[in-house]
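The values are calculated or read from the model by the stated rules, or taken from the named source; none is laboratory data. Keep in mind that what you see is a predicted model, and the values were worked out from it rather than measured. Backbone-built Cβ (ideal geometry, glycine too); neighbour counts: all protein chains shown. Protein only, heavy atoms only, side chains kept; ligands, DNA and RNA dropped before computing areas. Shrake-Rupley method; radii C 1.70, N 1.55, O 1.52, S 1.80 Å.
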Amino acid sequence: MKISVLRAYLKKEIIDLIRNKMIILIYLIPTMILILFGFGIKLEVTHARTVIIDNDHSKLSLEIINKFSRTKYFDVRVENLSYKKALHLIQTNKADVIIIIPPSFSRNLYKGAEIGVYIDGSFPLRAVTLQGYIEKLLINGFNIHLPIKIENRNFFNESLRDYNAVVPGLFGLIFLVVPASLAAIMIVKEKEMGTIFNFYSAPIKKVEFIISKLLPPFLFHSLNIFILLLLAFYVFNVPFRGNFFIFWVVSEIYILISVGIGLLVSIITSTQIAALVLSVIITIIPGFLYSGILMPISSMDKESFIEAHIFPVMYYNHLVYDSFLIGQGFKASENVLYFFILCIYAVTLILVGTFFVKKAIK
Amino acid sequence: MKMSAILKKEFLVFFRNAGLVIFILYAFTLDIYIAGKGIKVTPRNVSIGYVNEADNLIVNKIISSFHKPQFKQPKMFLNEKALKNAIYNRKIIVGIVFDKQFVNNLISKKQAKLQVLIDSTAAAQAEVTLIYLQNILMKFENNLNLPAKINIIKLFNPNSNTKWFMSLSELMSNITMLGLVLIAVVFVREKENGTWDIMLLMPVRGSLIIFSKILSQVLILMAGITISVGLIVFGVFNTPINGNLLDFYLISFLFSFAIGGIALVIAAVSKTILEVGHLTIVIMLPLIFLSGAWTPLSAMNPFIQYLSYLSPLRYYIQATQDIFFRGSGFFDLLPYFFAELFMAMVLFYIGYKKIGKLF
Amino acid sequence: MENGELRKILEVKNLSVSYGKKVAIKNVNFSLKEQELLGFIGADGAGKSSTLHAIAGVLSFEGEIVYKNYVYHSPKEAEKIKYEISLMPQGLGLVLYDFLSVKEHFDFFRDLRGLKKDKEYENRLLKMAGLYEFQNRLAGNLSGGMRQKLSLILSLLPRPKLLILDEPTTGVDPISRAELWNIVNEMREDGMSAIISTAYMSEANKMDKLMLFDEGEIIASGTSEELIESIKDYTYEGEIENNKCFSFNNRTYSLKPLNLKKASPTLEGIFFVNALKKGKKPIVINVPEKDIEIPEIIVNAKCLTKKFGEFIADNCIDLKLKKSEILGLLGANGAGKTTFIKMLLGLYPIDEGELYLLGKRIRSYEDRLTLKSKIGYVSQKFSLYKDLSIKENLEYFAKMHSLSVGETKRKIEEFARMFEFEEYLNAFPKEVPLGINQRFSLAAALLHEPVVLFLDEPTSGVDTVARSAFWRLLRKLKENTGISILITTHYMNEAEYCDRVAVLKRGVKIVDDEVKNLHKKYPRLDFEEIFLQIYKENQ
Ligand SMILES: Nc1ncnc2c1ncn2[C@@H]1O[C@H](COP(=O)(O)OP(=O)(O)OP(=O)(O)O)[C@@H](O)[C@H]1O
Ligand SMILES: [Mg+2]
């Protein structure tokens, strides 16, 4: 490995990124994704716009209204509307939930009394969650004896914060998509512009070229590990219970995997736009699906479960969630195993890439 | 005549870029399919484990009521430590400890407290899972007699079919992204390939060139939307449409031009396609997140809600959800049409001025 | 002779290259001695570049190449010799990074090849290329010729043992060309050999040995004297109109004896004789006479100035282009020719001065709009849509200029025949050689019968036979339709075809005179010498 070759490319790449202002985007995009997705993905349901039509005006009905008003889950308005008008509120997206308490509801208890609840089902997760809350509140409101009471103990994310759930998962997404596309583009650009000729005709080895081209995106994004970590701490207040060193090393290896994917993409594409598009496509879906944000891997059906094990995202995410929320570190044999699997990914990808890079005009 | 020449040229260029065509097709079909199929937000298949300390048959009875699709086959653990360990290694999400006291209380009809350990990493999932548990346990005691029937109807999507919602949300996100990329690229490609000067020297007005170029890409988008809606949204997922499809086309068309205006600004400031790609990401992400594609607007911070009035995507998403799910008719949708038209005119004007400076 | 003692350093045996089904070169054999300069000449697309790439080890090939006892059959095996070889590919600064400055390019290439910094040598190269003062300028802001020269000196940087240059002087001005030869000759003293392909026959004359390529084969080789000797029976003086013989640069070539005075042949003649031997005939150029109403003064530029930051690219240039006139705009690289033309076209805003086109004062976009259909333009970096085939490109231009379908078809056929690119009509611009591409750009600029043509180095990199056809066409156009042409070129003998030349130097016009007057002023000099003289006089 000649240091001068490395220096040549490194210097050139840095000048390029600075002169065309791409450097801003390298640091802006990951931060932006973290902030937007972190704040934007709201899976927890609060402040559902609820209209209660009380035709009963009894003690019980008032009690129910009070129960709903007291939680943060519902913003209650009591109105006197016809059934049709009420439905229209949902149809025109002015309410999320309508609860209709029929006349003489309290008198008909145990005698076929019925309470009508209408939920806007357009957002399914929201609808299911609301349904659960409503059932719980109503049954509570009836003041009856329940045979089994659940006493739950929450692990890892005790206060059930959305941020703790979403933010660590985003690391695996960001560090898969962004370094891969940057690496792919930086290599393909030389192909598209014709400057790859300098590599073809100079006495430098394939390995030297590849290392020189992958190093800049790797280094640039290494800094992003720290930036994102700080954001997670200070903007989202996510706890960090694991070993920082493990987290850091694993993240660097993961970025290496990502630039390795970029290298492979650059081999099969010849224009920058194609490289950008392809690298984003093949990384964003697994990055999102297997991030654990939306669904824990263990809860996947067989097919997805196997798929999840093919992509590196799952292993990284396991270690990231461990670092943030669990803190087992290398005490757990599984974490050690996953760490080695990630190393194997990194080495394999870059070796395969090196094998397929050709040092000649096609 | 000249316009048709430009359209023909842009179509040819588009179809000659095999990579781009494949990507567009992918984004309008497979990607929508994967998003609809793969992203399930309501918990399914929750992996569950338990410890039977009481060693009583009633426990087995309770366990047998945890079944698909909500729960996986429960796994038995020997003691609480093993159960916890499994949670720590994320093998299971929910662990239930049936201790002696619980069984005794249950048999003697006192209120029995059940210990449930839950991995709440995914907070919302954990919450819904708890609701599931609650419901199952409630129904387990079949002598439970509720004073009133609770009649819950989830309108528009009674079975909470996530495919319908996800596929449409993904489609709208993709239209936004493709609209920005495609329209900006038709201009920037000329810059990058050095044909910009030639374009300027054509004996036609700049406005005609700009308009024809945008139109060519809007038509490609509309074709993509047709393929996507026909093949995936209706074809594979059987999504119902309660409103009128033509309304959807109309709003899509207006939206394409609004997005086109933003794309013109991107095109004006970018020299390379790479810059287009990155600027698109920077503009697209906030646009999608602030417009209620994945989280309903009403659940967002009031400030963001006000901000979202400036996003053309907001009206598009609302109108689309209204058309498909809520079944709104043309007149109900009028405010959206006008808002979108207004956005389209404003944004297009800004973009046109910006790129017009280069002509 | 000392030649006898010199070692053979390169031997090419049965070299063949094919791209897919298309065979680019077949069974080429030759060898090269130490210190020898080998020239490749031949028509566009004849296989010169492919041969050069194969030798440099950047292209897969069949056959065998031996460099100083080291045998290689593939780019992979050629790795070992790349320390001693330097290749400059064709195209205006293809290997440059637009965002790096001249100086940063030196740093990059020095590091890439692991060289030590040799300040003196580097400065010498920079001065030769006239880039010494522009070391901080970004490559993207250099003029076409300056880019070419930068790639050229970068390929000289490692002081190779074997230098391979692919049309290195295309678009390079005569002053720099002369300086390049000094450097090459000097490095030769140190034992360097070189293979250089060129379209300038005055350069080919300086080679030790020449190889004439034609359709993938070497059809003749020898010293330039030998090659010239071989065509002396076919060369006559003067130019005539006859469809059985070619005329260019005051010579006529014919296989059948003509009733003309024999002339001393030049190297250029070999292309024409070769074409005649293959049964090719000069194209009959048919430009129907037309009376278009054209004002007396087509372009009237009054003190046009263009600045890039502090740098003044064009400094108060006055220029008139009259009806039915071919005006040559000459000047060293970076003198401001392209910038000037772009101001005329409205591609660069004019910083100072007044411009009248076709009698109309140009102030705004609106003023230009109606004039666009009367203007034809070929840019220096030729530009066609690379995703459209040649034919589709031409059809697009025709439609944009409101030509009817029938007319479009007729015109395309006509130009394809005239510029000999019929076989390429369905190809994409990327797939065809540079020279052929240049011809389409020309055809695209001429399709709509403009009243005035702005041609920025339209003939750079185009082979001799095509250039002769091109100039005949321009003359015919001018004579029969009365249009005016503003043209830039670095082929000084092409200036002879102009009615008048304007010479720019560092953004200032130093001469503006009729060609015949200049000949009177500088008797017995050819135009290249006149040009150098003028530049010297205006220090
Ligand atoms: N955008 C720019 N920024 C800074 N300098 C520029 C820019 N464009 C051109 N120049 C400079 O202006 C000068 C004139 O350039 P121009 O392209 O007109 O030269 P030219 O006469 O056409 O040369 P050539 O024969 O090489 O084509 C050069 O020194 C060039 O570097
Ligand atoms: Mg020029």
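The table that follows gives values for the structure above.
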{"read-out": "Shape call, segment C:426-494: gyration tensor on alpha carbons, a/c limit 1.5", "value": "oblate"}
{"read-out": "Long-range HN-HN contacts of residue B:70 with modeled amide H, under 5 Å", "value": "B:45"}
{"read-out": "Rounded, prolate or oblate (a/c below 1.5 giving rounded, otherwise prolate when a/b exceeds b/c) for segment C:231-277 by Cα gyration tensor", "value": "rounded"}
{"read-out": "Computed helical MRE - 222 nm, chain C, DSSP H runs ≥ 4 contributing -39500 (n - 2.57), nearest 500", "value": "-9500 deg cm²/dmol"}
{"read-out": "³J(HN,Hα) computed for each position of segment B:251-261 - Karplus, 6.51 cos²θ - 1.76 cosθ + 1.60, integer Hz, glycine/proline x", "value": "5, 4, 4, 4, 4, 4, 6, 4, 5, x, x"}
{"read-out": "Computed [θ] at 222 nm, deg cm²/dmol, chain B (DSSP H ≥ 4; -39,500 (n - 2.57); rounded to nearest 500)", "value": "-20000 deg cm²/dmol"}
{"read-out": "Gyration tensor verdict on segment C:3-222 (Cα atoms; rounded if a/c is under 1.5, prolate if a/b is larger than b/c, oblate otherwise)", "value": "prolate"}
{"read-out": "Volume in Å³ per residue [convex hull over Cα atoms, computed for the protein assembly as shown]", "value": "187 Å³"}
{"read-out": "Antiparallel bridge percentage (DSSP; both residues within chain A; nearest 5)", "value": "30 percent"}
{"read-out": "Solution diffusion estimate, µm²/s, Stokes-Einstein, segment B:48-155, Kirkwood Rh from C-alpha pairs, 37 °C, viscosity 0.692 mPa s", "value": "219 µm²/s"}
{"read-out": "Share, in percent, of DSSP beta bridges within the protein assembly as shown that are antiparallel, nearest 5", "value": "45 percent"}
{"read-out": "Amide H contacts under 5 Å for residue A:78, placed H, 5+ residues apart", "value": "A:52"}
{"read-out": "Cut-off 11 Å between beta-carbons: net charge of the residues surrounding residue C:437, Lys and Arg +1, Asp and Glu -1", "value": "+2"}
{"read-out": "Derived scalar couplings ³J(HN,Hα) [segment B:185-198; Karplus, 6.51 cos²θ - 1.76 cosθ + 1.60; whole Hz; x for Gly, Pro]", "value": "5, 4, 8, 5, 4, 5, 5, 5, 8, x, 9, 4, 4, 4"}
{"read-out": "Cα centroid separation - segment C:306-360 against segment A:316-362, whole Å", "value": "60 Å"}
{"read-out": "Protein accessible area in segment C:198-332, 1.4 Å probe - carbon and sulfur %", "value": "48 percent"}
{"read-out": "Per residue, the convex hull volume that the Cα atoms of chain B enclose (Å³)", "value": "177 Å³"}
{"read-out": "Bins of 10 Å from zero: percent of alpha-carbon pairs in segment A:48-140", "value": "16, 52, 29, 3"}
{"read-out": "Ranked by how many other beta carbons lie within 10 Å on average, peptides A:72-84, B:219-231 from highest", "value": "B:219-231, A:72-84"}
{"read-out": "Cα-Cα over 27 Å, subset of C:478/C:509; C:244/C:372; A:21/B:37; C:206/C:520; A:191/C:381; A:42/A:67", "value": "C:244/C:372; A:21/B:37; C:206/C:520"}
{"read-out": "Computed [θ] at 222 nm, helices only, for chain A once each DSSP H run of length n ≥ 4 contributes -39500 (n - 2.57)", "value": "-21000 deg cm²/dmol"}
{"read-out": "Under-5 Å amide H pairs with residue C:401, H placed in peptide plane, nonlocal only", "value": "none"}
{"read-out": "13 Å beta-carbon shell around residue B:123, net charge (K/R +1, D/E -1)", "value": "-3"}
{"read-out": "Beta bridge orientation in segment C:3-222: antiparallel %, DSSP, nearest 5", "value": "55 percent"}
{"read-out": "Segment C:106-119 - phi-based ³J(HN,Hα) in whole Hz, Karplus 6.51/-1.76/1.60, Gly and Pro as x", "value": "4, 4, 4, 5, 4, 5, 4, 9, x, 8, 8, 6, 10, 3"}
{"read-out": "Local electrostatic count at residue C:107 - Lys and Arg +1, Asp and Glu -1, tallied over other residues with Cβ under 11 Å", "value": "+3"}
{"read-out": "1.4 Å probe accessible area per residue over segment C:3-222, in Å²", "value": "37 Å²"}
{"read-out": "Relative contact order of chain A, defined on C-alpha pairs under 8 angstrom at six or more residues apart (%)", "value": "20 percent"}
{"read-out": "Accessible area buried, both sides summed, chains B and A with 1.4 Å probe, Å²", "value": "9200 Å²"}
